[in-house]
Amino acid sequence: MKITYDPTKNNINWQKHKVFLTEIEGVTIEDRDHSEERFVTLGQDGLGRLLVVAYHYRSEDEIRVISARLAQPHERRIYEATP
């Protein structure tokens with residue numbers, strides 16, 4: 001699956017959240033059957049950080065990353081409590 005992002009947004013995301021949009025590839029993006037345009041998922045990246053990633057599907061084989069940030073403590077608790 002091709003993952004795309006806006007280079008300017010990538011830099012803004014780094015300044016705001018200290019996460020580059022290019023770093024989300026380790027996060028598993030699930031649920032290809034959907035009816036809405038934007039999605040949010042929690043997952044660990046290749047560095048073991050728990051990230052919140054917002055994205056949408058551009059096509060069947062391309063995901064557009066909107067933002068990525070470190071998970072807040074309450075989000076981490078939800079992630080860790082999910083089997």
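One residue stands out in the range 41-68 among those that are among the charged types (D, E, K, R) and crowded, with 16+ Cβ neighbours inside 10 Å: the one that is modelled with the lowest pLDDT, namely Arg64. Restricting attention to the range 14-39, the residues that are at pLDDT 85 or above and not in a loop (DSSP other than H, G, I, E, B) total 4.
The values are calculated or read from the model by the stated rules, or taken from the named source; none is laboratory data. Keep in mind that this is a model prediction, so the values were computed, not measured. We place every Cβ from the backbone using ideal geometry, glycine too, and count neighbours over all the protein chains shown.
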